[in-house]
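Heads up: the structure comes next, in structure tokens.
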Amino acid sequence: MKLVIYMFLVVMFLVGCTSSRTIIQKKTESVLLESFFENQFTGLLIVDAQNKDTLYQQNHTKYFTPASNTKIFTLFTALKMLPDSIPALKYMMLEDSLFIEGTGDPTFMHSDFDNTTTVDFLKAHENIAFHPNNFNEEKYGPGWSWGDYSYYYQPERTALPMYGNVTTVHKNDSLIVIPAYFKDKVVDMDFSRNREKERNLFFFDSKRTDTLSIPFITDSTLTKELLANALDKKISIVNRMPEGTKSTLYSMPKDTVLRKMMQDSDNFLAEQLLVLASSTLSDTLNVSKARDYMLENHLSYLKQAPRWVDGSGLSRYNLFTPESIVQVLDKMLGEFPREMLFNIFAVGGVSGTLENWYKGAPMPYIYAKTGTLSNNHCVSGYLLTNSGKTLIFSFMNNHYRQSTSELKQRMQSIFEHVRDTY
């Protein structure tokens, strides 16, 4: 008798799951068949994290421009390759001199991080020699727009970034410029660009009430001078580090940086995290080394190998499929603590780029990463259903010309229906 009851319950459970999947598929299909989606390219994959059942799939093996969904792969790289604390510097002591080289640490002198570890360490040494030649990479990623050189979201990539590689300008009673080194390089002018293309001359209309963050052009001489000003001591430049074993200085908890990168979709942090990852492989910093290492050692199982060219997703050369993104999200959920992961991602209706969308009723139900370029919007992450299920999804939209807000409304209707049905 007990066996009969057990078998009955199993059958009813399976019927219920099949029924809910069918309802979800019909509802999702009805939305995606609307004329709104007619002239764009849409891919969607939703998978049950526990039993790996597919609830819905459309174009899930096709390649899309992922925009900042690329940061999901950068996050996985940082979780796999970086220690719990960010490597800040590599250094050696020789007689009375401290020789240093950068690792790509983006937090050094960055206004968004309460981190004085590196400054305090350097101030404790009188003679500092800086080696700037360990960065074997272009300042811009492949496919980045050269026309965006003056906008906050596209700072240059470097071995030893300072101040987020941007000049921050705002007006109180007087003009505030950080770093102060550039104060006499700011011109009071309402200009179409925030900076001249080929030199560090910045434009800021003193009538503005907001704050501008403007990327500056980096080079070894400028880095040396910014260091000298910050430390109030002379810095020398050397062509190579001394022979011998280098030590590593560590700065702040990795999770703090990952959280800001994912929730605010910070391109600078994403790019520098790949530079940092390469520092764990070689003394020469090179983003390609980190990507190739991940693809060969931790991502070789992907059914569709991505075209992955940068850390942020600024480049339209990136190509990922919804299935490959879901596979990586599933891998992370299996290898890292759930609470830690959900704390890193933006939360629907609560934080980051999802603060104004996908609000829970009453609890949050979406933990995800957005990705937006003109005519492209993607959201990938985790969805919690009312019945307690955890789903993994990737919803990718390319080449649409309608309002992104209208697109999000349709995406939200699908997410809410899945939450309430499964």
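Observations
- In the stretch 258-294, residue surrounded by the fewest Cβ atoms within 10 Å (Cβ to Cβ) [restricted to those that are farther than 19 Å from residue 158 by Cβ and more than 14 Å from the chain's Cα centre (by Cα)]: 292
- Qualifying residue in the stretch 185-208 (condition: assigned to a loop (DSSP other than H, G, I, E, B) and closer than 30 Å to residue 93 by Cβ): no
- Residue count for the stretch 36-56, restricted to those that are in contact (Cβ under 8 Å) with a residue 24 or more places away in the chain and assigned to a strand (DSSP E or B): 10
- Among residues of the stretch 411-422 that are among the acidic types (Asp, Glu), those with a beta-carbon under 7 Å from a residue that is surrounded by fewer than 16 Cβ atoms within 10 Å (Cβ to Cβ) at least six positions away or on a different chain give the pairs 420/386.
- Check on residue 240, in the same structural domain as residue 348 (by TED's automatic domain parsing), touching a residue at least 40 places away in the same chain (Cβ under 8 Å) and not in a strand (DSSP E or B): no
Yes/no matrix, rows are residues, columns are (1) free of Cβ contacts under 8 Å to residues at least 60 places away in the same chain; (2) of a type in the set (Lys, Arg); (3) farther than 25 Å from residue 377 by Cβ:
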residue	(1), (2), (3)
236	no, no, yes
248	no, no, yes
255	no, no, yes
262	no, no, no
279	no, no, yes
292	yes, no, yes
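- The set of residues in the stretch 20-37 being of a type in the set (Gly, Ala, Ser) and within 13 Å of residue 58 (Cβ to Cβ) consists of 30 alone.
- Residue 292 vs. criteria closer than 28 Å to residue 344 by Cβ and in a helix (DSSP H, G or I): yes
- Pick from the stretch 167-184, criterion assigned to a loop (DSSP other than H, G, I, E, B) and of a type outside the set (Gly, Ala, Ser), ranking: surrounded by the most Cβ atoms within 10 Å (Cβ to Cβ): 179
- Looking at 54, 61, just one residue is in contact with a Ser or Thr (Cβ under 8 Å, 6 or more places away or on another chain), at pLDDT 95 or above and more than 18 Å from residue 162 (Cα to Cα), and that residue is 61.
- Inside the stretch 223-235, residues that are crowded, with 16+ Cβ neighbours inside 10 Å and either not in a strand (DSSP E or B) or not assigned by TED's automatic domain parsing to the domain that holds residue 180 (or both) make up a count of 6.
- Here residue 251 passes the criteria (1) of a type in the set (Gly, Ala, Ser); (2) under 17 Å from residue 161 (Cα atoms); (3) in a loop (DSSP other than H, G, I, E, B) except the one numbered (3).
The values are calculated or read from the model by the stated rules, or taken from the named source; none is laboratory data. What you see is a predicted model, and the numbers here were worked out from it, not measured in a lab. Virtual Cβ from ideal backbone geometry, glycine too; neighbours counted across all protein chains shown.
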